[in-house]
Amino acid sequence: MRVAFVGKGGVGKSSLAGTFARVLARTGERVLALDSDPMPGLAFSLGVDRDDAGLPDDVVEEYDGDARVRYRLRDGLTGTQAVETYARRSPDGVRFLQLGKARGPRWNNTRAHFGFQNVLDELPDEGWSIVGDLPGGTRQPFMTWGRYAETFLVVVEPTAASVLTGRRLARLADMEGAPRVGVVVNRVREVDDADRVAQRTGLPLLGSVPFDPALATADRLGVAILDHDPDGPTAVAVGSLVESLRADVESR
Amino acid sequence: MKIAVVGKGGSGKTTTAAVLARTLARQGQPTLALDCDSNPNLGISLGLGEEITERLLAVREAVDAGEEEHAASADELVRRFGVDAPDGVRLAVVSAIEHPHPGCPCCGISPEHLLRELVMEDGVVVADFEAGLGTVMRLDGRPVDVVVVVVEPTAKSLEVGRRAADLVIETSLGRLALVANRVRDLDDVARIAAVFPDLEPVLVPDDQAIVEAERRGLAPLDAAPDSAAVRALVGLAEGLAVPAPT
């Protein structure tokens, strides 16, 4: 299963993606959790410390292709080997890879960026499930950062700005020919929130997660909600989401 | 005075920028609100509603697609592509676009450069920046006078905010103000103080009135003018209107 979480900044993409990755790993899948955002986010929600889990520059080499410099993984290094070597081992057996932390005002992330993309391009053929946490907003999410994904989960909370972002993402997905795209409504407070939000984004409703004060506390403590409140409403809702997507994949 | 509002996505940047802009405009200063986010939502928080907010983005996308004439100057950009918002605020969406014309004042330059170009001798610019640190890193050359770092008391938001504040301090980007949103209790206050022992934050309480305004797509200043959260942000605007002690 290869999914990518997108949506406005602060709607809970990382919390849901981190929980999703761990729940999926518990079903026996080999899971790589990917953070495409240079600021730390997914690590907290997976329950690992905040250290860098990126690809070092020297795993990427330059070569001349079509009269311009291109990048590829160092000779002989497969995507799986790169993950086994550089991705951090995380709770429930999830492997965690990060684009790399922003290292200051003049950080050149060209190599890290292309190395990351090269790994992603190889993994689907090597039997990995991928759970991606994409940068917030609407900047080219579908065919660049998320091009490995079979399913895009647009996370929306029931606020006007978040719904508007969801609508913009739905339009972009359509323009870019993205594969399956659906909405996961987060911080649901009223019974009709999920249906109302899904309807306003024009996307099929794939999941619904109630407003969870325990998640607000976990975010304050910098710990994974799955460790802070293992059987709470967020864990239960993400469990249902994983189950319904698994059933969907199997039915195809 | 030019003010940049920065922080992690979802920490309350846009709400803060909107209350700042309208409060400063109410004091009689010509005020320009710049939405520098590629996913622009400032119009909603200013009270313009979804339709106008979406129309501003459509104009920006039309320029990007080559369907709309580019503006010849920063001022023309604001005049042609901006709209009037409540309290006399002028709002323009100036997010970076995918296909800029090199050298074009309305698109070939970043929001940071545009901020440098705009002449506001007796007025105010409030720029709501894209989330994260990228834009703060590009603020060198001091295009703004004040940087407002917005955080909420979560581990992630505080970390982003701390790094933004450090950048502002290390590179002398301007006067630094810290806004701490969604403060629930004394534990939250302690969390913020632990990360920012050097700064006196404006504490904005976690306020159901703001949640409700955001759900309804209304400006907090219109929907909940007397709420504790809005009053705290109005207080920040009033503080910024007074020159910093030297």
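Observations on the model:
- Reciprocal mean inverse distance between Cα atoms of the stretch A:1-141 - Kirkwood radius, Å: 15.4
- Diffusion coefficient, µm² s⁻¹, Stokes-Einstein with Kirkwood Rh over alpha-carbon pairs of the stretch A:160-252 at 20 °C and 1.002 mPa s: 147
- Farthest toward positive dipole pole in chain B [+1 Lys/Arg, -1 Asp/Glu at C-beta], among B:110, B:139, B:181: B:181
- GNM top mover of A:160, A:235, A:17 - chain A, alpha-carbon springs below 10 Å: A:160
- Two-site FRET efficiency, residue A:150 against residue B:29, from Cβ-Cβ distance with R₀ of 60 Å, rounded to 0.05: 0.70
- Within chain B, the selection of entire DSSP H helices by a Cα span of 15 Å or greater along the long axis and an average Kyte-Doolittle value of at least 0.5 returns B:228-241.
- Between the Cα long axis of helix A:233-250 and the first principal axis of chain A there is an angle of about 70°, rounded to the nearest 10.
- Put a dot 7 Å past the Cα of residue A:196, heading toward its Cβ, do the same for residue A:85, and the two dots end up 5.3 nm apart.
- Per the accessible-area calculation with a 1.4 Å probe, the total area buried between chain B and chain A rounds to 3200 Å².
- Chain B, relative contact order [Cα under 8 Å, separation at least 6], %: 27
- Scattering profile of the stretch B:1-77 at q = 0.21 Å⁻¹ [log10 I(q)/I(0), Debye over alpha-carbon scatterers]: -1.09
- Chain A - percent of accessible surface contributed by carbon and sulfur, probe 1.4 Å: 46
- The charge dipole of the stretch A:117-208, taken about the Cα centre with unit charges on the Cβ atoms of Lys, Arg (+1) and Asp, Glu (-1), comes to about 500 debye, rounded to the nearest 20.
- Stretch in chain B that is longest and holds no GluC sites (Glu not before Pro) that DSSP places in a loop and that have at most 13 other beta carbons within 10 Å: B:122-246
- The mean count of C-beta atoms from other chains within 10 Å of the C-beta of residues in A:158-169, rounded to a whole number, is 6.
- Three-way shape call for chain B based on the alpha-carbon gyration tensor, with the a/c threshold at 1.5: prolate
- When the helices of chain B are scored as -39500 (n - 2.57) per DSSP H run of n ≥ 4 and the total is divided over every residue, the value at 222 nm lands at -12500 deg cm²/dmol.
- A rounded overall shape is assigned to the stretch B:1-141, the ratio a/c of its alpha-carbon gyration tensor axes (a ≥ b ≥ c) being less than 1.5.
- Total charge dipole magnitude, the protein assembly as shown, about the Cα centre, Cβ charges on Lys, Arg, Asp, Glu only, Debye to nearest 20: 200
- Relative contact order, percent, the stretch A:126-252 [alpha-carbon distance under 8 Å, six or more residues apart]: 18
- Taking 7 Å steps out from each Cα toward its Cβ at residue B:51 and residue B:190 produces label points 5.1 nm apart.
- Computed from point charges on the beta carbon alone (+1 for Lys and Arg, -1 for Asp and Glu), the dipole magnitude for the stretch B:110-246 about its Cα centre is near 240 Debye.
- Viscosity 1.306 mPa s, 10 °C: Kirkwood-radius Stokes-Einstein D of the protein assembly as shown over Cα pairs, µm²/s: 69
- Each label was represented as a point 7 Å from its Cα along the Cα-to-Cβ direction; for residue B:97 and residue B:61 these points are 1.3 nm apart.
- Taken over the Cα atoms of the stretch B:134-213, the convex hull encloses 102 Å³ per residue.
- As a length-normalised measure over Cα pairs under 8 Å and 6 or more apart, the relative contact order of chain A settles at 25 percent.
- Estimated at 0.36 nm per residue, the fully extended path between residue B:138 and residue B:79 surpasses their Cα-Cα distance by 18.7 nm.
- Cα gyration tensor category, rounded, prolate or oblate, for chain A with a/c compared to 1.5: prolate
- Within a Gaussian network of chain A (alpha carbon springs, distance under 10 Å), most fluctuating of A:168, A:30, A:70: A:70
- The mean count of C-beta atoms from other chains within 10 Å of the C-beta of residues in B:149-157, rounded to a whole number, is 5.
- GNM result for chain A, Cα springs below 10 Å: residue of A:41, A:207, A:65 fluctuating most strongly: A:65
- Going from the chain on its own to the full set of protein chains, the stretch A:8-47 has these residues losing 50 Å² or more of accessible surface (heavy atoms, 1.4 Å probe, no ligands, DNA or RNA): A:39.
- Farthest towards the positive end of the charge dipole of the protein assembly as shown, among the residues B:56, A:4, B:153, is the Cα of B:153, using unit charges on the Cβ of Lys, Arg, Asp and Glu.
- Ligands, DNA and RNA are left out, and with a 1.4 angstrom probe the accessible area of the protein assembly as shown is 39 Å² per residue.
The values are calculated or read from the model by the stated rules, or taken from the named source; none is laboratory data. Since the structure is predicted, the reported quantities are computational estimates derived from the model, not experimental observations. Cβ coordinates were reconstructed from backbone atoms using ideal geometry, including for glycine residues, and neighbour counts include every protein chain displayed. SASA here: full protein model, heavy atoms, side chains in, ligands and nucleic acids out. Shrake-Rupley method; radii C 1.70, N 1.55, O 1.52, S 1.80 Å.
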